[in-house]
Amino acid sequence: MDELAQERRVSPLPPNVIGGAMIIPMGLIHRLKGSSDQPATFARETARVEAAAMKAVMDAERALGFEPSDVSVDKCGYDVESKVSGNDGHLRFIEVKGRVKGADTVTVTKNEILTALNKPEQFILAIVEVAPENGEAATPCYVRWPFTHEPDFAVTSVNYKLPELMARGGPPA
């Protein structure tokens with residue numbers, strides 16, 4: 001009974017603060033600094049870079065005598081289906097990756113990798129560097145057989161080192 005009586009008289013001590021943290025959203029920091037690296041800008045820039053890259057690849061395909069068509073909205077594992085003229089409907093499947101000049105990595109989806117592995121003779125990974133100042137696209141770099149093995153079951157995308165992929169490619173052919 002004495003122990004219970006003592007427990008009733010126990011009172012907590014005031015808290016002792018030994019550390020703290022201040023959480024500041026990156027968007028607020030960018031806005032206060034006047035930086036243009038905000039998500040809306042990223043989205044606009046990504047769309048601009050992708051459009052410039054697609055145009056560069058479509059132009060390159062036409063210059064080679066092929067008949068390209070944009071199938072990027074179909075999400076079929078590639079962006080351009082290019083028909084080889086006079087070859088009984090033989091197709092080239094081209095995945096276009098537009099990146100701002102100087103970028104280090106490129107992200108490829110599992111679907112794109114599996115398409116490349118299933119159609120290795122027909123698949124081309126086209127990497128196009130776009131100048132950030134004026135949006136001018138460089139000549140596409142065509143990488144054939146860009147992937148060597150399929151990603152794990154739970155993988156949704158894979159990042160590749162852009163310079164290493166481009167070193168394995170060459171001009172459109």
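Scanning region 115-148 for residues that are over 23 Å from E61 (Cα atoms) and in contact (Cβ under 8 Å) with a residue 12 or more places away in the chain yields one hit, P132. Checking every residue in region 127-143 against the condition of being surrounded by 23 or more Cβ atoms within 10 Å (Cβ to Cβ), at negative phi and of a type in the set (D, E, K, R) gives at least one match. Residues satisfying the criterion are absent from region 65-73 (criterion: in contact (Cβ under 8 Å) with a residue 60 or more places away in the chain and either within 23 Å of V155 (Cα to Cα) or among the hydrophobic types (A, V, I, L, M, F, W, C) (or both)). A single member of E121, E129 is part of a strand (DSSP E or B) and out of contact with any Ser or Thr (no Cβ under 6 Å at 6 or more places or on another chain), and it is E129.
Can you tell me which residue within region 151-173, out of those that are over 19 Å from I113 (Cβ atoms) and in a loop (DSSP other than H, G, I, E, B), is modelled with the lowest pLDDT? Filtering region 151-173 for residues that are over 19 Å from I113 (Cβ atoms) and in a loop (DSSP other than H, G, I, E, B), the one modelled with the lowest pLDDT comes out as A173. The residue that is farthest from the chain's Cα centre (by Cα), among those in region 71-95 that are surrounded by 14 or more Cβ atoms within 10 Å (Cβ to Cβ) and among the charged types (D, E, K, R), is K83.
The values are calculated or read from the model by the stated rules, or taken from the named source; none is laboratory data. Remember, predicted model here, so these are calculated numbers, not experimental data. Note that each Cβ is placed from the backbone with ideal geometry, even for glycine, and that neighbours are counted across all protein chains shown.
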